[in-house]
Amino acid sequence: MSAPVHPSAAPAGSVSEQGLLRRVVLASGNAGKLREMQALLAPTGIELVAQGTLGVPDAPEPYATFLENALTKARHASRLTGLPGLADDSGVCVSALGGAPGVRSARYACETDEAPRSDAANNARLIEALTGAPDRSAYFYCVLVLVRSADDPQPVVADGLWHGEIVAEPRGAGGFGYDPHFLVAGMGRTAAQLDAATKNQFSHRAQAMRDLMARLVQARLIADRTGS
Ligand code: IMP
């Protein structure tokens with residue numbers, strides 16, 4: 001899945017002469033994701049540009065799997081910008097709810113796909129759905145997909161998973177989305193109580209990004225900084 005593609009297959013200006021990624025469009029309008037991913041990618045020297053700043057609207061996410069949604073979003077952003085595209089599809093999966101909200105996490109409280117997204121409404125619906133539930137276990141899941149171009153036949157794919165449980169009372173002011181209700185396993189703090197650097201060390205997105213970076217090194221799309 002991550003064998004090298006000849007640099008000439010990538011759009012001009014987005015890769016170095018050596019074929020290394022330089023400028024990548026992030027297929028998301030989520031400011032929380034952008035912040036975290038820019039920090040995670042900083043060591044690679046890649047400039048991560050939010051699709052909204054390039055006039056790219058959100059792609060539809062009609063699929064039942066994170067992977068299909070991420071691939072669709074990455075191709076959409078790449079097609080409209082000519083840049084390599086990176087997409088994150090992620091969500092919180094709660095055992096007592098059969099894995100919901102899952103791929104619907106961003107729109108859990110929305111009646112229709114057109115309705116505006118709201119973290120507060122999503123959290124309220126989640127806490128209500130778990131009223132009286134003895135099992136509060138949950139995990140965050142993240143899949144990352146990078147395409148060199150819209151029709152890249154070899155998307156680079158990575159994922160990560162972060163265990164915890166859902167608490168009824170919100171705690172902390174950091175992060176975004178479900179973070180104030182996600183008590184991280186073994187840490188005694190919610191994700192919103194972690195500073196940005198700590199969340200970016202342990203989170204589902206951090207784990208997926210480490211996996212992705214190893215694959216990008218293997219594919220010779222970023223430099224190997226380990227010296228090996
Ligand atoms: P997506 O844009 O379809 O991938 O939706 C992701 C949604 O999952 C976000 O809008 C959040 O509701 C939730 N989510 C994903 N990652 C996180 C996280 O790190 N913290 C809190 N909520 C998250």
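The values are calculated or read from the model by the stated rules, or taken from the named source; none is laboratory data. Worth saying up front: this structure is predicted, and the values here are computed from it rather than measured. Positions of Cβ are generated from backbone atoms using ideal geometry, with glycine treated the same way; all protein chains shown enter the neighbour counts.
Assess whether Ala74 counts as being buried (at least 18 other Cβ atoms within 10 Å of the Cβ), within 15 Å of the ligand (Cβ to nearest atom) and more than 30 Å from Glu165 (Cβ to Cβ). Give the derivation first.
Numbers: buried (at least 18 other Cβ atoms within 10 Å of the Cβ): yes; within 15 Å of the ligand (Cβ to nearest atom): yes; more than 30 Å from Glu165 (Cβ to Cβ): yes.
Here the answer is yes, as Ala74 does meet what is asked.
Filter segment 21-42 for residues that are hydrophobic (A, V, I, L, M, F, W, C), within 13 Å of the ligand (Cβ to nearest atom) and in a helix (DSSP H, G or I) and give the result.
Restricting attention to segment 21-42, the residues satisfying the condition of being hydrophobic (A, V, I, L, M, F, W, C) are 21, 24-27, 31, 34, 37, 39-42.
Subset that is within 13 Å of the ligand (Cβ to nearest atom): 26-27, 31, 34, 37, 39-40.
The answer is Ala31, Leu34, Met37, Ala39, Leu40.
Taking Arg75 as meeting all but one of (1) in a strand (DSSP E or B); (2) under 15 Å from Val145 (Cα atoms), write down the number of the exception.
Condition not satisfied by Arg75: (1).
Taking only pairs six or more apart or across chains, which ones have beta-carbon atoms under 8 Å, a first residue in segment 17-36 that is within 23 Å of Ala219 (Cβ to Cβ) and free of Cβ contacts under 8 Å to residues at least 60 places away in the same chain, and a second residue that is crowded, with 19+ Cβ neighbours inside 10 Å and of a type outside the set (A, V, I, L, M, F, W, C)?
So the pair list comes out as Arg22/Ser14.
Condition first: in contact (Cβ under 8 Å) with a residue 12 or more places away in the chain and under 12 Å from Tyr178 (Cα atoms). Now tell me which residues in segment 108-152 satisfy that.
Result: Tyr108, Asp119, Ala121, Asn122, Asn123, Ala124, Arg125, Leu126, Ile127, Ala138, Tyr139, Phe140.
Answer yes or no as to whether Gly45 is at pLDDT below 95 and either farther than 30 Å from Ala223 by Cα or away from the ligand (no atom under 12 Å from the Cβ) (or both).
yes
Criterion first (within 13 Å of the ligand (Cβ to nearest atom), surrounded by fewer than 14 Cβ atoms within 10 Å (Cβ to Cβ) and hydrophobic (A, V, I, L, M, F, W, C)) does Ala109 satisfy it? Lay out the reasoning, then the answer.
Numbers: within 13 Å of the ligand (Cβ to nearest atom): yes; surrounded by fewer than 14 Cβ atoms within 10 Å (Cβ to Cβ): no; hydrophobic (A, V, I, L, M, F, W, C): yes.
Considered against the rule, which asks whether it is within 13 Å of the ligand (Cβ to nearest atom), surrounded by fewer than 14 Cβ atoms within 10 Å (Cβ to Cβ) and hydrophobic (A, V, I, L, M, F, W, C), Ala109 comes out as no.
Just checking, does segment 121-136 include any residue being surrounded by 15 or more Cβ atoms within 10 Å (Cβ to Cβ), within 15 Å of the ligand (Cβ to nearest atom) and over 20 Å from Gly32 (Cβ atoms)? Quick ask: steps written out before the conclusion?
We begin by selecting, within segment 121-136, every residue surrounded by 15 or more Cβ atoms within 10 Å (Cβ to Cβ); these are 121-123, 125-127, 129-130, 136.
Next, from what is left, pick out any that are within 15 Å of the ligand (Cβ to nearest atom): 121-123, 125-127, 129.
Subsequent filtering for residues that are over 20 Å from Gly32 (Cβ atoms) retains 129.
Yes, that holds for at least one residue.
Let me spell it out: the conditions are (1) surrounded by fewer than 21 Cβ atoms within 10 Å (Cβ to Cβ); (2) among the acidic types (Asp, Glu); (3) touching a Lys or Arg at 6+ places or on another chain (Cβ under 9 Å), and Asp179 meets all of them except one. Which number is the exception?
(1)
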